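Working notes, structure below.
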Amino acid sequence: MENKNFTPEELPKYREHYSERAFTEKLKNFATKAGSKVVYFALLLYYTLSDPKTPKRYRAVIIGALGYFILPVDLLPDFIPFTGMADDWAALIAAVTYVTSAITPDIRLKAQARLEEIF
């Protein structure tokens, strides 16, 4: 299967799959398999979403990307070795790129600290 190229405009349609609990479960179950970079980008989005200063226009994209990350059935099922997380990675990259101006140094520190706890 080919890699999905996500645009920020496509991501909000996945927001129904996001919840804080589902996000935490996904990280717990797939952190090692997904790898530290995927988890770091997911954490960047999670903490950016948690920041009350994050503009509303970014929130829908973040929730959509995290919803896609959580979604159990996606373009490339997560259980496929090496490529299973590629579409999740693409969604996270698209969202982080789009909201990068809202990612503060404090958010980066929180994400890095949590990443170190996980790994």
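The values are calculated or read from the model by the stated rules, or taken from the named source; none is laboratory data. Nothing here was measured: the structure is a model prediction, and the numbers come from that model. Every residue, glycine as well, gets a Cβ built from its backbone with ideal geometry; the counts of neighbours run over all protein chains shown.
Brief remarks follow.
- Qualifying residue in the stretch 81-94 (condition: in a helix (DSSP H, G or I), over 14 Å from the mean Cα position of the chain (by Cα) and at pLDDT 90 or above): no
- The residues of the stretch 52-80 that are outside any helix (DSSP H, G or I), surrounded by 15 or more Cβ atoms within 10 Å (Cβ to Cβ) and at pLDDT 95 or above amount to a single one, THR54.
- In the stretch 21-35, the residues that are at negative phi and surrounded by 12 or more Cβ atoms within 10 Å (Cβ to Cβ) never reach a residue that is part of a helix (DSSP H, G or I) and of a type in the set (D, E, K, R) with C-beta atoms less than 7 angstrom apart, at least six apart or across chains.
- Restricted to the stretch 1-38, and to residues there that are at pLDDT 80 or above and aliphatic (A, V, I, L, M), the residue that is nearest to ALA60 (Cα to Cα) is LEU11.
- Qualifying residue in the stretch 30-45 (condition: farther than 22 Å from THR7 by Cα and hydroxyl-bearing (Ser, Thr, Tyr)): yes
- Selection over the stretch 39-51 of residues that are assigned to a loop (DSSP other than H, G, I, E, B) and surrounded by 21 or more Cβ atoms within 10 Å (Cβ to Cβ) gives a count of 0.
- Yes/no for LYS13 being surrounded by fewer than 16 Cβ atoms within 10 Å (Cβ to Cβ), more than 13 Å from LEU92 (Cα to Cα), without any contact (Cβ under 8 Å) to a residue 40 or more places away in the chain and basic (Lys, Arg): no
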